[in-house]
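The values are calculated or read from the model by the stated rules, or taken from the named source; none is laboratory data. Computed from a predicted structure; not experimentally measured. All Cβ positions, even for glycine, are placed from backbone atoms using ideal geometry, and neighbour counts span all protein chains on display.
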2 protein chains.
Amino acid sequence: MPIGLAVSTVIFALRPDSSRPDEPSILSIPLVRRTRDPFAGRWSLPGGVADDDESLADTAARKLYETTQLAPAYLEQLYAFGDVDRAWSGRVVSVVYWALVRSELADQAAEGENVRWFAADELPDLAFDHNRIVEYALWRLRNKMEYSRIAHAFLGETFTLAELRRVHEIVLQRTLDPANFRRQIESSATVVATDEVVSGGRHRPPRLYRYDTTIRLADNGPLGG
Amino acid sequence: MPIGLAVSTVIFALRPDSSRPDEPSILSIPLVRRTRDPFAGRWSLPGGVADDDESLADTAARKLYETTQLAPAYLEQLYAFGDVDRAWSGRVVSVVYWALVRSELADQAAEGENVRWFAADELPDLAFDHNRIVEYALWRLRNKMEYSRIAHAFLGETFTLAELRRVHEIVLQRTLDPANFRRQIESSATVVATDEVVSGGRHRPPRLYRYDTTIRLADNGPLGG
């Protein structure tokens, strides 16, 4: 029997917890409830069988759209999971992607009986090896936040340094000193101050920043992206 | 038609160039000559169809052994290549691994009419998209040399700091200042001085070092490795 090939995506966004809507946003991922065995009724990563006519990344982006009606601000291949016994019936290799979605869009993302957002760190028992896959994706996201510039993908075009710091704090799950954070960001030279400030009648409105788009968001070397 | 699944491996070793055997070792990879169309006669990465009963990493290690009669000191998944038109006949997704092989073993590796080692930076036109795959593997290797401890996999159990520096110089293709390199390695606390020195009657024989094995060779996070 030929080995099956699936594409799944771990989608991250910062979103208010639906059970605590007045609390600050948390790192969240959308999951799909399985309607068929194996694991009927369990939550799982959005995905499905790879399409003959599409690149793997295109399939990942399409499944992401079908599940959430969103387009990703960032999409990267995570890993190909291919353990012999991971699929229960037959052999399936899953090429898994991870994606970041802007918070302002994620707030409006569709939910329904079979699609729901969960706190990334408090997931139920998922179908197949999907808990392990999410654990690895979380590790990659946190690692990458420390040495690259992907926090930006959660935010809009412009943002305050306080907003950028909050993204780091939520993802890394620790409090960061505002003055140290500002120094670090300024010395990294990856963000650029704009001429704009946050509108509204404040006495000293905070300045808006944007990422330096001459620097690539994610460095995949010769693969581009 | 179901999508085919292949496993290929980019194998790196430091080896004398066969056309210049008296020169210092260079970064080399073994290639296999294709005996069938498409691309009959062209050189390609060792690999083949994924096996139903084996994990992807086991298939990669087995193909590596079948090609070179060697076991890798380091083996890591590189990327799943899945462009629609990359296989010429039908659709094939290749899960590619990269491996490091100890130099002392690579010197004895089999060569034959259809298996030959090439300088990694001077490859001929390879079959399929294999030039692009090697380019990406080279980028990953060089990147990883800068921030992790994989240089060790090219060397034996113990080595001198000069040998370790030579590995970095060959892979990164630049000369490194010996005193700076020593300071950097010593402050990184990843190598440990042994009580041994290089044998032979020298006045001040260089000390042998080993890697601190309490630190993991490659950090794949929750995937282990």
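Side notes on the structure shown:
- Selection status of residue B:94, in contact (Cβ under 8 Å) with a residue 40 or more places away in the chain, surrounded by 15 or more Cβ atoms within 10 Å (Cβ to Cβ) and under 16 Å from the mean Cα position of the chain (by Cα): no
- Flag for residue B:85 being modelled with pLDDT under 90, over 28 Å from residue B:152 (Cβ atoms), in the same structural domain as residue B:122 (by TED's automatic domain parsing) and out of contact with any Ser or Thr (no Cβ under 9 Å at 6 or more places or on another chain): yes
- Test: residue B:151 is touching an Asp or Glu at 6+ places or on another chain (Cβ under 8 Å), away from chain A (no Cβ under 14 Å) and small (Gly, Ala, Ser): no
- Selection within region A:79-89 - within 9 Å of another protein chain (Cβ to nearest Cβ) and surrounded by fewer than 20 Cβ atoms within 10 Å (Cβ to Cβ): A:83, A:84
- Qualifying position, being of a type in the set (Lys, Arg) and more than 14 Å from chain B (Cβ to nearest Cβ), among A:142, A:174: A:174
- When B:73, B:50 are checked against the criterion of being among the aliphatic types (A, V, I, L, M) and either closer than 20 Å to residue B:115 by Cβ or surrounded by fewer than 23 Cβ atoms within 10 Å (Cβ to Cβ) (or both), B:73 stands alone in meeting it.
- Scanning region B:51-74 for residues being within 14 Å of chain A (Cβ to nearest Cβ) and assigned to a strand (DSSP E or B) gives a total of 0.
- Some residue of region A:36-50 being free of Cβ contacts under 8 Å to residues at least 60 places away in the same chain, within 14 Å of chain B (Cβ to nearest Cβ) and either out of contact with any strand residue (DSSP E or B) (no Cβ under 7 Å at 6 or more places or on another chain) or assigned to a loop (DSSP other than H, G, I, E, B) (or both): yes
- Evaluation of residue B:42 against (1) surrounded by 22 or more Cβ atoms within 10 Å (Cβ to Cβ); (2) charged (D, E, K, R); (3) in contact with a Lys or Arg (Cβ under 6 Å, 6 or more places away or on another chain) (one fails), failing number: (1)
- Test: residue in region A:1-8 that is part of a strand (DSSP E or B), β-branched (Val, Ile, Thr) and more than 14 Å from chain B (Cβ to nearest Cβ): no
- Pairing each residue of region A:143-157 that is farther than 13 Å from residue A:185 by Cβ and touching a residue at least 60 places away in the same chain (Cβ under 8 Å) with any residue that is among the hydroxyl-bearing types (Ser, Thr, Tyr) and buried (at least 16 other Cβ atoms within 10 Å of the Cβ), provided the two are 6+ apart or on different chains, yields C-beta distances under 6 Å for A:150/A:74; A:153/A:74; A:154/A:103.
- Residues that are hydrophobic (A, V, I, L, M, F, W, C) and away from every other protein chain (no Cβ under 14 Å), drawn from region B:91-113: B:99, B:100, B:101, B:105, B:106, B:109, B:110
- Of all residues in region A:9-35, exactly one satisfies the criterion of being out of contact with any Gly (no Cβ under 7 Å at 6 or more places or on another chain), modelled with pLDDT of 95 or more and either within 14 Å of another protein chain (Cβ to nearest Cβ) or not in a strand (DSSP E or B) (or both), namely A:10.
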